[in-house]
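Remarks on the structure that follows.
Laboratory data are not the source of any read-out in this text; all were calculated from the coordinates shown. Predicted model, so just to flag it, every value in this text is computed and none were measured. Neighbour counts run over all protein chains shown; Cβ positions are idealised from the backbone, glycine included.
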Amino acid sequence: MRLALAVLALGLGITMANAQTRFPIIQPDAMNPEQKKLFETIVAGPRAQNYSGDPAKHVLNRGPFNAWLRSPEIGLKLQDVGAHIRFKSSIPKHLNELAILVTAREWTSQYEWYAHRVLALKAGLDPKIADAIAAGKRPDGMKEDEAAIYDFCIELHRNRKVDDATFNRVKALFGEQGVIDLVAVSGYYVAVSMTLNVAQVPVPDGSVPLKPLD
């Protein structure tokens with residue numbers, strides 16, 4: 001870890017050319033102790049397993065973490081909640097990712113969609129479901145559990161509540177813990193979407209995967 005910080009401090013791999021204009025990247029050698037704690041926690045955590053190459057580059061160049069360095073105590077709490085939601089949720093992984101995609105679509109969060117579409121397909125979600133969500137349409141041919149998750153999340157985002165039938169479908173499939181875990185993943189990724197949109201975090205390849213909803 002210390003070696004990674006030293007390398008980055010020399011400017012190898014993280015440059016201002018890749019930084020967001022609203023929150024320029026904070027180089028490791030310029031971080032205060034609280035910021036370094038957040039940075040090191042993320043780099044050493046389970047998220048790093050999803051990063052190819054140097055995970056430290058990804059922490060600062062992508063996602064919400066560079067922005068969260070501005071409030072590292074909040075960032076530590078958020079990343080801890082996020083790690084639990086990503087890796088310890090009672091909701092099966094492909095359905096958890098489905099909920100994240102719905103959130104990204106509802107907030108038109110380009111980077112969140114870019115990152116989690118890949119993770120959703122890797123977890124086993126049908127690409128046709130992701131494509132329909134991207135287009136703002138209810139996917140055809142969903143399985144019962146997929147439809148229950150999709151309908152719950154859409155109602156929650158758009159109506160700010162869910163009706164009894166929608167609640168009971170999710171409860172029957174995943175229990176009361178599943179209901180709360182689904183609320184938690186939706187709420188957490190709203191916070192992530194807000195951060196990404198405010199920070200204007202770009203999609204690495206420059207594409208715009210989500211078009212505005214009508």
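3J(HN,Hα) couplings calculated from phi for region 94-107 with the Karplus curve 6.51 cos²θ - 1.76 cosθ + 1.60 (θ = phi - 60°) are, in sequence order, 5, 7, 4, 5, 4, 4, 5, 5, 4, 4, 4, 5, 5, 9 Hz; Gly and Pro show x. A simple rule links phi to the HN-Hα coupling: the Karplus curve 6.51 cos²θ - 1.76 cosθ + 1.60 with θ = phi - 60°, which for region 142-148 gives 6, 6, 4, 5, 5, 5, 5 Hz, with x for Gly and Pro.
Cα centroids of region 84-163 and region 169-196: 10 Å apart.
Projecting the Cα positions of LEU121, GLY136, GLN35 onto the charge dipole of the chain (unit charges on Cβ atoms of Lys, Arg, Asp and Glu, taken about the Cα centre) puts GLN35 furthest along the positive direction. Ordering 181-194, 154-167, 129-142 by mean Cβ neighbour count within 10 Å, with the highest value first, yields 181-194, 129-142, 154-167. Convex hull of alpha carbon positions in region 91-199: directionally averaged projected area 6.1 nm². Note on the chain: with charges restricted to the Cβ of Lys and Arg (+1) and Asp and Glu (-1), its dipole about the Cα centre is near 400 debye.
Taking each of LYS36/LYS88; LYS128/LYS171; LYS77/LYS137 in turn, the alpha-carbon distance tops 32 angstrom for LYS77/LYS137.
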